[in-house]
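A.B. asks: This structure is in C-alpha coordinates; I'll ask about it shortly.
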Amino acid sequence: MTRQREMAKAAGKFKIAGSLEYSGCETEFIGYDENSCAAKVVALYRDGVAVTQLIAGDEGIIVLDQSVFYAESGGQTGDTGTIVADGGVSCLFAVEDTQKISAAVHGHSGKLTHGSLKIGDEVIATLDLHQRIATARNHSVTHLLHKALHEVIGTHATQKGSLVSSDLTRFDFANDKGLTQAQINEIERIVNHVIMQNYEVAIDEMSYDEAIKTGAMALFGEKYTSDVRVVKMGEFSTELCGGTHVIQTGDIGFFTITSEGGIANGVRRIEAITGEAALLRMQQNMAVLDIARDKLKAQSNDLLNIKIDAVLADNKAQNKEIAELKAKLATYQAEALLDQATTLANGAKLLVLRLDGLESKALVELAEKIKDKLVSGIVVIGAINAERVNLVAGVKRLN
(Lines give C-alpha, C1' and ligand atoms only; values in the text may rest on other atoms or scores of the structure.)
Protein backbone atom coordinates (compact mmCIF):
# COMPACT_ATOMS: atom_id res chain seq x y z
CA MET A 1 0.00 0.00 0.00
CA THR A 2 2.88 2.38 0.75
CA ARG A 3 4.29 1.95 -2.76
CA GLN A 4 0.80 2.44 -4.27
CA ARG A 5 0.36 5.71 -2.37
CA GLU A 6 3.77 6.84 -3.54
CA MET A 7 2.81 5.94 -7.12
CA ALA A 8 -0.43 7.92 -6.85
CA LYS A 9 1.43 10.93 -5.46
CA ALA A 10 4.01 10.72 -8.23
CA ALA A 11 1.29 10.40 -10.84
CA GLY A 12 -0.33 13.64 -9.67
CA LYS A 13 2.92 15.61 -9.63
CA PHE A 14 5.05 14.16 -12.40
CA LYS A 15 2.83 12.90 -15.23
CA ILE A 16 3.62 16.23 -16.91
CA ALA A 17 6.83 14.58 -18.14
CA GLY A 18 5.14 13.56 -21.38
CA SER A 19 4.11 17.17 -22.13
CA LEU A 20 7.49 18.84 -21.57
CA GLU A 21 9.23 20.59 -24.45
CA TYR A 22 12.56 18.91 -25.10
CA SER A 23 14.93 19.00 -28.07
CA GLY A 24 18.16 17.60 -26.64
CA CYS A 25 19.89 14.24 -26.94
CA GLU A 26 18.20 10.92 -26.25
CA THR A 27 18.72 9.03 -22.99
CA GLU A 28 20.79 5.91 -23.48
CA PHE A 29 19.17 3.28 -21.25
CA ILE A 30 21.71 0.82 -19.82
CA GLY A 31 19.60 -0.39 -16.89
CA TYR A 32 19.11 -3.94 -18.15
CA ASP A 33 22.68 -4.79 -17.17
CA GLU A 34 23.76 -2.04 -14.76
CA ASN A 35 22.45 -0.74 -11.43
CA SER A 36 24.51 2.48 -11.36
CA CYS A 37 26.17 4.68 -13.95
CA ALA A 38 27.95 7.98 -14.50
CA ALA A 39 25.90 10.48 -16.49
CA LYS A 40 25.61 14.13 -17.48
CA VAL A 41 22.65 16.40 -16.78
CA VAL A 42 21.28 17.57 -20.15
CA ALA A 43 18.01 19.20 -19.04
CA LEU A 44 16.22 20.33 -15.87
CA TYR A 45 12.57 21.20 -15.21
CA ARG A 46 10.77 22.81 -12.31
CA ASP A 47 6.96 23.19 -12.28
CA GLY A 48 6.92 22.01 -15.89
CA VAL A 49 9.25 24.77 -17.08
CA ALA A 50 12.82 24.27 -18.32
CA VAL A 51 15.42 25.77 -15.97
CA THR A 52 19.21 25.83 -15.82
CA GLN A 53 19.50 24.93 -12.13
CA LEU A 54 17.71 23.25 -9.23
CA ILE A 55 18.41 24.18 -5.61
CA ALA A 56 17.79 22.40 -2.32
CA GLY A 57 14.07 21.86 -1.73
CA ASP A 58 13.11 22.05 -5.41
CA GLU A 59 10.91 19.37 -6.90
CA GLY A 60 11.64 18.78 -10.54
CA ILE A 61 12.60 16.52 -13.42
CA ILE A 62 16.13 15.66 -14.54
CA VAL A 63 17.09 14.39 -18.00
CA LEU A 64 20.41 12.52 -18.26
CA ASP A 65 22.42 11.51 -21.31
CA GLN A 66 22.35 7.91 -20.04
CA SER A 67 20.48 6.19 -17.25
CA VAL A 68 19.92 2.92 -15.41
CA PHE A 69 16.40 4.01 -14.44
CA TYR A 70 13.60 2.18 -16.28
CA ALA A 71 10.93 4.67 -17.39
CA GLU A 72 7.32 3.56 -16.92
CA SER A 73 6.23 1.54 -19.92
CA GLY A 74 4.26 -1.57 -20.81
CA GLY A 75 2.52 -1.56 -17.44
CA GLN A 76 5.79 -1.57 -15.44
CA THR A 77 6.17 1.39 -13.08
CA GLY A 78 9.21 3.65 -13.25
CA ASP A 79 12.32 3.08 -11.14
CA THR A 80 13.29 5.02 -8.04
CA GLY A 81 16.69 5.75 -6.52
CA THR A 82 19.19 8.61 -6.27
CA ILE A 83 21.16 10.99 -8.48
CA VAL A 84 24.21 12.48 -6.72
CA ALA A 85 27.24 14.65 -7.46
CA ASP A 86 30.56 14.37 -5.60
CA GLY A 87 29.33 11.36 -3.66
CA GLY A 88 26.29 13.26 -2.45
CA VAL A 89 28.30 16.23 -1.12
CA SER A 90 27.38 18.70 -3.88
CA CYS A 91 23.83 17.43 -4.30
CA LEU A 92 21.45 14.55 -3.66
CA PHE A 93 18.34 14.18 -5.78
CA ALA A 94 15.82 11.56 -4.61
CA VAL A 95 14.20 9.99 -7.68
CA GLU A 96 10.56 9.19 -6.88
CA ASP A 97 9.50 8.13 -10.37
CA THR A 98 10.82 7.81 -13.91
CA GLN A 99 8.61 8.74 -16.87
CA LYS A 100 9.18 9.13 -20.58
CA ILE A 101 9.32 12.68 -21.93
CA SER A 102 9.42 11.07 -25.36
CA ALA A 103 9.99 7.54 -26.60
CA ALA A 104 13.74 7.63 -25.93
CA VAL A 105 14.06 10.38 -23.30
CA HIS A 106 13.71 9.55 -19.60
CA GLY A 107 12.54 12.13 -17.10
CA HIS A 108 13.70 11.42 -13.54
CA SER A 109 11.17 13.03 -11.21
CA GLY A 110 11.77 13.81 -7.56
CA LYS A 111 13.21 16.29 -5.07
CA LEU A 112 16.64 17.82 -4.55
CA THR A 113 17.16 17.22 -0.84
CA HIS A 114 20.35 19.29 -0.55
CA GLY A 115 22.91 21.15 -2.64
CA SER A 116 22.33 22.42 -6.16
CA LEU A 117 22.32 20.89 -9.63
CA LYS A 118 23.04 22.55 -12.99
CA ILE A 119 22.85 21.52 -16.63
CA GLY A 120 26.17 19.96 -17.59
CA ASP A 121 26.92 18.57 -14.12
CA GLU A 122 28.46 15.12 -13.91
CA VAL A 123 26.45 12.82 -11.64
CA ILE A 124 26.06 9.21 -10.53
CA ALA A 125 22.62 7.65 -11.04
CA THR A 126 21.86 4.66 -8.79
CA LEU A 127 18.79 2.46 -8.63
CA ASP A 128 16.86 1.49 -5.53
CA LEU A 129 17.89 -2.11 -6.16
CA HIS A 130 15.46 -3.63 -3.66
CA GLN A 131 12.54 -1.96 -5.45
CA ARG A 132 13.87 -2.92 -8.90
CA ILE A 133 14.31 -6.60 -7.95
CA ALA A 134 10.82 -6.77 -6.42
CA THR A 135 9.37 -5.21 -9.58
CA ALA A 136 11.30 -7.66 -11.76
CA ARG A 137 9.85 -10.60 -9.80
CA ASN A 138 6.33 -9.29 -10.33
CA HIS A 139 6.95 -8.59 -14.01
CA SER A 140 8.40 -12.01 -14.76
CA VAL A 141 5.58 -13.78 -12.97
CA THR A 142 3.06 -11.87 -15.10
CA HIS A 143 4.36 -13.77 -18.12
CA LEU A 144 3.91 -17.07 -16.29
CA LEU A 145 0.43 -16.05 -15.12
CA HIS A 146 -0.61 -15.17 -18.68
CA LYS A 147 0.45 -18.59 -19.97
CA ALA A 148 -1.13 -20.40 -17.00
CA LEU A 149 -4.44 -18.65 -17.70
CA HIS A 150 -4.30 -19.98 -21.26
CA GLU A 151 -3.73 -23.50 -19.98
CA VAL A 152 -6.48 -23.39 -17.34
CA ILE A 153 -9.31 -21.43 -18.99
CA GLY A 154 -8.29 -21.15 -22.65
CA THR A 155 -6.35 -19.04 -25.14
CA HIS A 156 -9.19 -16.51 -25.24
CA ALA A 157 -7.83 -15.17 -21.91
CA THR A 158 -5.71 -12.53 -23.64
CA GLN A 159 -4.16 -9.63 -21.77
CA LYS A 160 -6.27 -6.47 -21.60
CA GLY A 161 -3.99 -4.40 -19.41
CA SER A 162 -1.51 -4.66 -16.57
CA LEU A 163 0.30 -2.87 -13.77
CA VAL A 164 3.60 -4.17 -12.44
CA SER A 165 5.14 -2.53 -9.38
CA SER A 166 7.37 -3.60 -6.51
CA ASP A 167 4.22 -4.32 -4.45
CA LEU A 168 2.16 -6.45 -6.82
CA THR A 169 1.24 -7.50 -10.30
CA ARG A 170 -2.20 -6.60 -11.59
CA PHE A 171 -3.30 -8.44 -14.71
CA ASP A 172 -6.48 -7.81 -16.72
CA PHE A 173 -7.65 -10.53 -19.08
CA ALA A 174 -10.58 -11.47 -21.30
CA ASN A 175 -13.09 -13.84 -19.71
CA ASP A 176 -16.86 -13.68 -19.37
CA LYS A 177 -17.12 -15.18 -15.89
CA GLY A 178 -15.23 -15.35 -12.64
CA LEU A 179 -12.65 -18.00 -11.87
CA THR A 180 -13.59 -20.80 -9.52
CA GLN A 181 -11.44 -21.53 -6.49
CA ALA A 182 -10.33 -24.73 -8.18
CA GLN A 183 -9.14 -22.74 -11.23
CA ILE A 184 -7.30 -20.24 -9.03
CA ASN A 185 -5.60 -23.10 -7.19
CA GLU A 186 -4.55 -24.70 -10.47
CA ILE A 187 -3.15 -21.42 -11.82
CA GLU A 188 -1.11 -20.99 -8.63
CA ARG A 189 0.10 -24.59 -8.87
CA ILE A 190 1.25 -24.21 -12.48
CA VAL A 191 3.04 -20.89 -11.90
CA ASN A 192 4.80 -22.11 -8.75
CA HIS A 193 5.80 -25.33 -10.54
CA VAL A 194 7.52 -23.28 -13.27
CA ILE A 195 9.17 -21.10 -10.61
CA MET A 196 10.57 -24.20 -8.89
CA GLN A 197 11.93 -25.53 -12.20
CA ASN A 198 14.27 -22.52 -12.06
CA TYR A 199 14.30 -22.01 -15.82
CA GLU A 200 16.71 -19.49 -17.27
CA VAL A 201 15.03 -16.25 -18.32
CA ALA A 202 16.63 -15.87 -21.75
CA ILE A 203 16.39 -12.48 -23.46
CA ASP A 204 17.19 -12.00 -27.15
CA GLU A 205 16.80 -9.15 -29.61
CA MET A 206 15.47 -9.87 -33.08
CA SER A 207 13.16 -8.50 -35.72
CA TYR A 208 9.46 -8.38 -34.94
CA ASP A 209 8.62 -10.74 -37.80
CA GLU A 210 11.25 -13.24 -36.69
CA ALA A 211 9.98 -13.09 -33.11
CA ILE A 212 6.41 -13.81 -34.14
CA LYS A 213 7.59 -16.78 -36.23
CA THR A 214 9.21 -18.27 -33.11
CA GLY A 215 5.81 -18.22 -31.41
CA ALA A 216 6.44 -15.21 -29.17
CA MET A 217 3.28 -13.65 -27.79
CA ALA A 218 2.74 -9.94 -28.49
CA LEU A 219 1.04 -8.08 -25.65
CA PHE A 220 -2.13 -6.03 -25.70
CA GLY A 221 -1.75 -2.30 -26.32
CA GLU A 222 1.99 -2.39 -26.99
CA LYS A 223 3.54 -0.60 -29.95
CA TYR A 224 6.51 -2.56 -31.26
CA THR A 225 9.43 -1.32 -33.33
CA SER A 226 11.07 -3.36 -36.09
CA ASP A 227 13.50 -4.82 -33.53
CA VAL A 228 12.09 -6.31 -30.32
CA ARG A 229 13.18 -8.04 -27.11
CA VAL A 230 11.99 -11.62 -26.72
CA VAL A 231 11.74 -12.93 -23.15
CA LYS A 232 11.75 -16.72 -22.96
CA MET A 233 11.28 -18.74 -19.76
CA GLY A 234 12.21 -22.33 -20.48
CA GLU A 235 9.74 -23.86 -22.92
CA PHE A 236 6.83 -22.51 -20.92
CA SER A 237 6.55 -18.85 -21.92
CA THR A 238 7.81 -16.67 -24.77
CA GLU A 239 6.68 -13.03 -25.02
CA LEU A 240 7.76 -9.75 -26.52
CA CYS A 241 8.66 -7.43 -23.65
CA GLY A 242 10.79 -4.38 -22.95
CA GLY A 243 10.59 -4.62 -19.16
CA THR A 244 13.04 -5.79 -16.53
CA HIS A 245 13.11 -9.43 -15.42
CA VAL A 246 14.70 -11.93 -13.06
CA ILE A 247 17.63 -14.08 -14.20
CA GLN A 248 16.05 -17.44 -13.32
CA THR A 249 12.40 -18.21 -12.64
CA GLY A 250 13.44 -19.44 -9.19
CA ASP A 251 14.33 -15.83 -8.31
CA ILE A 252 10.57 -15.11 -8.18
CA GLY A 253 10.43 -17.18 -5.00
CA PHE A 254 6.74 -17.81 -4.46
CA PHE A 255 3.52 -16.68 -6.17
CA THR A 256 0.03 -16.29 -4.78
CA ILE A 257 -3.17 -14.69 -6.07
CA THR A 258 -4.67 -12.18 -3.63
CA SER A 259 -7.85 -11.25 -5.54
CA GLU A 260 -9.85 -11.93 -8.70
CA GLY A 261 -12.86 -9.97 -9.92
CA GLY A 262 -14.63 -8.29 -12.81
CA ILE A 263 -13.76 -4.74 -13.90
CA ALA A 264 -15.77 -4.49 -17.15
CA ASN A 265 -18.01 -6.56 -19.36
CA GLY A 266 -15.96 -9.60 -20.36
CA VAL A 267 -12.83 -8.41 -18.54
CA ARG A 268 -11.51 -9.85 -15.28
CA ARG A 269 -8.66 -8.70 -13.04
CA ILE A 270 -6.17 -10.74 -11.02
CA GLU A 271 -3.93 -9.19 -8.38
CA ALA A 272 -1.01 -11.27 -7.15
CA ILE A 273 2.20 -10.99 -5.16
CA THR A 274 5.58 -12.71 -5.14
CA GLY A 275 8.76 -13.06 -3.13
CA GLU A 276 8.91 -11.40 0.28
CA ALA A 277 5.35 -10.05 0.04
CA ALA A 278 3.97 -13.53 -0.70
CA LEU A 279 5.97 -15.01 2.18
CA LEU A 280 4.71 -12.34 4.59
CA ARG A 281 1.11 -12.96 3.54
CA MET A 282 1.51 -16.70 4.04
CA GLN A 283 3.02 -16.12 7.50
CA GLN A 284 0.15 -13.79 8.44
CA ASN A 285 -2.43 -16.33 7.27
CA MET A 286 -0.70 -19.10 9.21
CA ALA A 287 -0.64 -16.90 12.32
CA VAL A 288 -4.43 -16.46 12.03
CA LEU A 289 -4.86 -20.22 11.69
CA ASP A 290 -2.62 -20.84 14.70
CA ILE A 291 -4.65 -18.43 16.84
CA ALA A 292 -7.91 -20.06 15.72
CA ARG A 293 -6.47 -23.52 16.47
CA ASP A 294 -5.51 -22.48 20.00
CA LYS A 295 -8.86 -20.81 20.71
CA LEU A 296 -10.81 -23.81 19.42
CA LYS A 297 -8.45 -26.23 21.19
CA ALA A 298 -7.78 -28.19 18.00
CA GLN A 299 -4.80 -30.53 18.07
CA SER A 300 -3.62 -29.32 14.65
CA ASN A 301 -4.63 -26.87 11.90
CA ASP A 302 -5.82 -29.83 9.84
CA LEU A 303 -8.59 -30.41 12.40
CA LEU A 304 -9.82 -26.80 12.38
CA ASN A 305 -12.66 -27.52 9.93
CA ILE A 306 -14.03 -30.23 12.23
CA LYS A 307 -13.86 -27.88 15.22
CA ILE A 308 -15.45 -25.00 13.30
CA ASP A 309 -18.29 -27.23 12.05
CA ALA A 310 -18.92 -28.39 15.63
CA VAL A 311 -19.03 -24.80 16.93
CA LEU A 312 -21.39 -23.72 14.14
CA ALA A 313 -23.69 -26.70 14.78
CA ASP A 314 -23.69 -25.93 18.52
CA ASN A 315 -24.48 -22.26 17.85
CA LYS A 316 -27.30 -23.23 15.51
CA ALA A 317 -28.81 -25.53 18.14
CA GLN A 318 -28.50 -22.88 20.83
CA ASN A 319 -30.06 -20.21 18.60
CA LYS A 320 -32.96 -22.54 17.86
CA GLU A 321 -33.46 -23.21 21.58
CA ILE A 322 -33.33 -19.48 22.36
CA ALA A 323 -35.88 -18.73 19.63
CA GLU A 324 -38.23 -21.40 21.02
CA LEU A 325 -37.91 -20.00 24.55
CA LYS A 326 -38.58 -16.48 23.27
CA ALA A 327 -41.68 -17.73 21.46
CA LYS A 328 -42.99 -19.46 24.59
CA LEU A 329 -42.32 -16.37 26.70
CA ALA A 330 -44.07 -14.12 24.21
CA THR A 331 -47.07 -16.48 24.14
CA TYR A 332 -47.31 -16.46 27.93
CA GLN A 333 -47.20 -12.67 27.79
CA ALA A 334 -49.99 -12.39 25.19
CA GLU A 335 -52.43 -11.06 27.79
CA ALA A 336 -49.99 -8.40 28.94
CA LEU A 337 -49.16 -7.42 25.37
CA LEU A 338 -52.82 -6.60 24.79
CA ASP A 339 -52.45 -3.71 27.22
CA GLN A 340 -50.29 -1.99 24.57
CA ALA A 341 -53.18 -1.96 22.06
CA THR A 342 -54.74 1.27 20.85
CA THR A 343 -58.54 1.60 20.66
CA LEU A 344 -59.77 2.84 17.28
CA ALA A 345 -62.83 5.04 16.66
CA ASN A 346 -65.02 2.03 15.86
CA GLY A 347 -64.00 0.33 19.09
CA ALA A 348 -61.64 -2.14 17.47
CA LYS A 349 -58.16 -2.68 18.88
CA LEU A 350 -54.90 -2.01 17.03
CA LEU A 351 -51.78 -3.71 18.35
CA VAL A 352 -48.38 -3.10 16.70
CA LEU A 353 -45.36 -4.90 18.17
CA ARG A 354 -41.68 -5.35 17.41
CA LEU A 355 -40.21 -8.51 18.91
CA ASP A 356 -36.72 -9.01 17.45
CA GLY A 357 -35.29 -12.51 17.47
CA LEU A 358 -38.54 -14.40 16.90
CA GLU A 359 -38.77 -16.75 13.94
CA SER A 360 -41.68 -16.41 11.52
CA LYS A 361 -43.41 -19.53 12.89
CA ALA A 362 -43.33 -18.12 16.42
CA LEU A 363 -44.66 -14.78 15.18
CA VAL A 364 -47.63 -16.48 13.52
CA GLU A 365 -48.42 -18.49 16.67
CA LEU A 366 -48.23 -15.36 18.82
CA ALA A 367 -50.44 -13.37 16.45
CA GLU A 368 -53.03 -16.17 16.60
CA LYS A 369 -52.91 -16.24 20.42
CA ILE A 370 -53.47 -12.49 20.61
CA LYS A 371 -56.28 -12.60 18.02
CA ASP A 372 -58.04 -15.24 20.11
CA LYS A 373 -58.14 -12.78 23.00
CA LEU A 374 -59.49 -9.91 20.87
CA VAL A 375 -63.14 -9.20 20.31
CA SER A 376 -62.35 -7.11 17.25
CA GLY A 377 -59.05 -5.74 16.07
CA ILE A 378 -55.84 -5.80 14.07
CA VAL A 379 -52.51 -7.32 15.13
CA VAL A 380 -49.20 -6.48 13.40
CA ILE A 381 -45.97 -8.03 14.69
CA GLY A 382 -42.52 -7.46 13.18
CA ALA A 383 -39.14 -8.91 14.03
CA ILE A 384 -35.56 -8.64 12.81
CA ASN A 385 -33.85 -11.99 12.97
CA ALA A 386 -30.29 -12.44 11.65
CA GLU A 387 -30.65 -9.38 9.40
CA ARG A 388 -33.91 -10.78 8.01
CA VAL A 389 -37.21 -8.94 8.59
CA ASN A 390 -40.31 -10.99 9.40
CA LEU A 391 -43.73 -9.39 9.45
CA VAL A 392 -47.06 -10.96 10.44
CA ALA A 393 -50.50 -9.33 10.38
CA GLY A 394 -53.85 -10.61 11.53
CA VAL A 395 -57.39 -9.21 11.55
CA LYS A 396 -60.41 -10.28 13.64
CA ARG A 397 -63.85 -8.72 13.54
CA LEU A 398 -67.36 -9.53 14.81
CA ASN A 399 -69.86 -11.19 12.50
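The values are calculated or read from the model by the stated rules, or taken from the named source; none is laboratory data. Everything quoted here is computed from the prediction, not taken from an experiment. Heads up, the Cβs are rebuilt from the backbone with ideal geometry, glycines too, and the neighbour counts pull from every protein chain shown. For accessibility, only protein heavy atoms count, side chains too; no ligands or nucleic acids. Shrake-Rupley method; radii C 1.70, N 1.55, O 1.52, S 1.80 Å.
A.B. asks: Restricting to segment 374-394, and then to whatever is over 12 Å from V352 (Cα atoms) and either among the β-branched types (V, I, T) or in contact with a helix residue (DSSP H, G or I) (Cβ under 6 Å, 6 or more places away or on another chain) (or both), can you tell me which residue is least open to solvent (accessible area, probe 1.4 Å)?
C.D. replies: That would be N390.
A.B. asks: Separate question: Report yes if Y32 is open to solvent by 50 Å² or more (accessible area, probe 1.4 Å), under 21 Å from Q131 (Cα atoms), in contact (Cβ under 8 Å) with a residue 40 or more places away in the chain and out of contact with any helix residue (DSSP H, G or I) (no Cβ under 9 Å at 6 or more places or on another chain), otherwise no.
C.D. replies: yes
A.B. asks: Among the candidates L338, L325, L312, single out the residue that is touching a residue at least 12 places away in the same chain (Cβ under 8 Å) and either open to solvent by 70 Å² or more (accessible area, probe 1.4 Å) or among the aliphatic types (A, V, I, L, M) (or both).
C.D. replies: On inspection, the qualifying residue turns out to be L338.
A.B. asks: If you take the residues of segment 55-73 that are out of contact with any Cys (no Cβ under 8 Å at 6 or more places or on another chain) and open to solvent by less than 10 Å² (accessible area, probe 1.4 Å), which of them is farthest from C241 (Cα to Cα)?
C.D. replies: Only one residue fits best here, namely G60.
A.B. asks: Can I ask one more? Only strands (runs of 3 or more DSSP E) wholly contained in segment 61-135 count here; list those with 1 or more residues that are under 22 Å from the mean Cα position of the chain (by Cα) and over 24 Å from R170 (Cα atoms).
C.D. replies: So the answer is none; nothing clears 1.
A.B. asks: Which residue is most open to solvent (accessible area, probe 1.4 Å), if the candidates are limited to segment 104-141 and must be within 14 Å of Y70 (Cα to Cα) and touching a Cys at 6+ places or on another chain (Cβ under 9 Å)?
C.D. replies: T126
A.B. asks: Within segment 116-127, is even one residue among the hydrophobic types (A, V, I, L, M, F, W, C) and in contact with a Lys or Arg (Cβ under 6 Å, 6 or more places away or on another chain)?
C.D. replies: No, that holds for no residue.
A.B. asks: In addition: Restricting segment 142-172 to residues that are touching a Ser or Thr at 6+ places or on another chain (Cβ under 7 Å) and open to solvent by 40 Å² or more (accessible area, probe 1.4 Å), which is farthest from C241 (Cα to Cα)?
C.D. replies: This residue is R170.
Rundown of residues vs (1) among the hydrophobic types (A, V, I, L, M, F, W, C); (2) closer than 27 Å to Y224 by Cβ, yes/no style:
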residue	(1), (2)
T52	no, no
I55	yes, no
L64	yes, yes
D79	no, yes
G87	no, no
T98	no, yes
S116	no, no
I119	yes, no
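A.B. asks: Just to be sure before I move on: is T98 open to solvent by less than 10 Å² (accessible area, probe 1.4 Å), touching an Asp or Glu at 6+ places or on another chain (Cβ under 8 Å) and over 17 Å from V51 (Cα atoms) in the structure I sent?
C.D. replies: yes
A.B. asks: When you scan segment 1-16, do you find a residue that is buried (at least 23 other Cβ atoms within 10 Å of the Cβ) and either modelled with pLDDT of 90 or more or among the aliphatic types (A, V, I, L, M) (or both), even just one?
C.D. replies: No, segment 1-16 has no match at all.
A.B. asks: Turning to a different aspect of this structure: Taking R46 and the conditions (1) open to solvent by 70 Å² or more (accessible area, probe 1.4 Å); (2) farther than 30 Å from F171 by Cα; (3) out of contact with any Gly (no Cβ under 6 Å at 6 or more places or on another chain); (4) not small (G, A, S), which numbered condition does it fall short on, given that it satisfies the others?
C.D. replies: Result: R46 passes all but (3).
A.B. asks: Between H108, H150, H156, H146, which is farther than 28 Å from C37 by Cα and touching a residue at least 40 places away in the same chain (Cβ under 8 Å)?
C.D. replies: Residue meeting the stated conditions: H146.
A.B. asks: Taking L350 as meeting all but one of (1) open to solvent by less than 70 Å² (accessible area, probe 1.4 Å); (2) touching a residue at least 40 places away in the same chain (Cβ under 8 Å); (3) not β-branched (V, I, T), write down the number of the exception.
C.D. replies: (2)
A.B. asks: Moving on to the next point. Please specify each residue of segment 173-183 satisfying the condition of being open to solvent by 50 Å² or more (accessible area, probe 1.4 Å) and in contact with a Lys or Arg (Cβ under 9 Å, 6 or more places away or on another chain).
C.D. replies: D176, K177
A.B. asks: Does Q76 satisfy the criteria of being open to solvent by less than 10 Å² (accessible area, probe 1.4 Å), touching a helix residue (DSSP H, G or I) at 6+ places or on another chain (Cβ under 6 Å) and either touching a residue at least 60 places away in the same chain (Cβ under 8 Å) or not aromatic (F, W, Y) (or both)?
C.D. replies: Yes, satisfied.
A.B. asks: A follow-up question, please. So which of G78, G74, G110 ends up being closer than 29 Å to A202 by Cα and touching a Phe, Trp or Tyr at 6+ places or on another chain (Cβ under 9 Å)?
C.D. replies: Exactly one residue qualifies, and that residue is G78.
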